[in-house]
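Single-structure report; data block below.
The values are calculated or read from the model by the stated rules, or taken from the named source; none is laboratory data. Fair warning: this is a prediction, and the values are worked out from it, not measured in the lab. Cβ placement follows ideal geometry from the backbone for every residue including glycine, while neighbour counts extend to all protein chains displayed. The protein model used for the area step is the full one, side chains on, heavy atoms only, and it has no ligands, DNA or RNA in it. Shrake-Rupley method; radii C 1.70, N 1.55, O 1.52, S 1.80 Å.
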Amino acid sequence: SPGEKNTGDPATLVDFMKWGMAQRPAANYALQLWGHGGGLSGSQFDSESGGIFFSDSLTIPEVTQAISSPGVPPLKLVSYDNCLMQMAEIGFALSQQFTGHYVASEELVPGAGQNYVTAYSALASNPGGKTSADVGASMVTSYQQQYVGNPLRWDTLSSVATSGYGRLATAL
């Protein structure tokens, strides 16, 4: 057991990615983050370091630093199963560090989060032939099917190609 780790520390994220990638070497990698999100204030709030709203969190610069750390292979997909993380500012920051797809919700995410069985169903057949666009689309479809009719209307998840963020920033 690795013991207590601070999920708001970028070194913990780097260690986790290196460990996971060493355990299951692959041609392409995705990073799935799950927990509480707060948009520009970050995500992965560590409740052991001061409670949910005053705890250490992974800021957007810390995540971008972590995914581009030495020894971490390039990612093709980054997904937040956290509230409020599909923001142009976050997508743009991530797009500077990886090329592929960014999947997140701009709204609150119900407590159950994504259904990881159906979210990654695109990989069930011919996983080597799938792109980040295929996996992102599968995640969006799964989420919409899971939360259709949610009385709070928390059923929004989107997959965005990181290659478009430069044009978006210019337009803004």
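Note down the relative contact order for the range 96-166 as a percent, whole number, built from C-alpha pairs under 8 angstrom at least six residues apart.
For the range 96-166, the relative contact order is 48 percent.
Need the list of lysines near LYS18 for cross-linking: C-alpha distance under 16 angstrom, and skip anything on the same chain fewer than eight residues off.
Reachable lysines: LYS5, LYS76.
Out of ASN82, ASN150, ASN126, any idea which swings most in a Gaussian network model of the chain, alpha carbons joined below 10 Å?
In this elastic network of the chain, the residue with the biggest mean-square fluctuation among ASN82, ASN150, ASN126 is ASN126.
So for the pair SER1, ALA171, with labels modelled 7 Å out along Cα→Cβ, what separation do we get in nm?
Simple spin-label model gives 5.0 nm for this pair.
Per the 1.4 Å probe, what fraction of the accessible area of the range 1-73, in percent, lies on carbon and sulfur atoms? Please list the in-between numbers first.
Values: 2480 of 4230 Å².
Answer for the range 1-73: carbon and sulfur cover 59 percent of the accessible area.
To one decimal place, what Kirkwood hydrodynamic radius in Å is obtained for the range 9-77 from all pairs of distinct Cα atoms?
12.7
Just to verify a number: FRET efficiency for GLN144 and GLU48, C-beta to C-beta distance, R0 = 30 Å, to 0.05?
Step by step, r from the Cβ atoms, then E = 0.35.
At 1.4 Å probe size, with every protein chain present, just tell me what the per residue accessible area of the range 48-150 comes to in Å². Numbers along the way, then the final one.
Working: 4810 Å² over 103 residues.
Computed with neighbouring chains in place, this is 47 Å² per residue.
Given a Förster distance of 30 angstrom, what is the FRET efficiency for ALA137 paired with ALA11, based on the Cβ-Cβ distance and rounded to 0.05? Let's see the in-between values first.
On the way: r = 33 Å, r/R0 = 1.09.
Computed FRET efficiency for ALA137 and ALA11: 0.35.
Roughly how many Å is it from the Cα centre of the range 67-85 to that of the range 138-166, as a whole number?
18
Using a 1.4 angstrom probe and counting only protein chains, how large is the accessible area of LEU168 in Å², to 10?
Estimated to the nearest 10 Å², LEU168 gives 70 Å².
Using a Gaussian network model of the chain whose springs link C-alpha atoms within less than 10 Å, name the residue from ASP46, ASP15, ASP81 with the highest mean-square fluctuation.
ASP15
Shape verdict for the range 82-172, please, from the Cα gyration tensor: rounded (a/c under 1.5), prolate (a/b greater than b/c) or oblate.
oblate
When only Cα pairs under 8 Å and 6 or more residues apart are kept, what is the percent relative contact order across the chain?
Relative CO of the chain lands at 20 percent.
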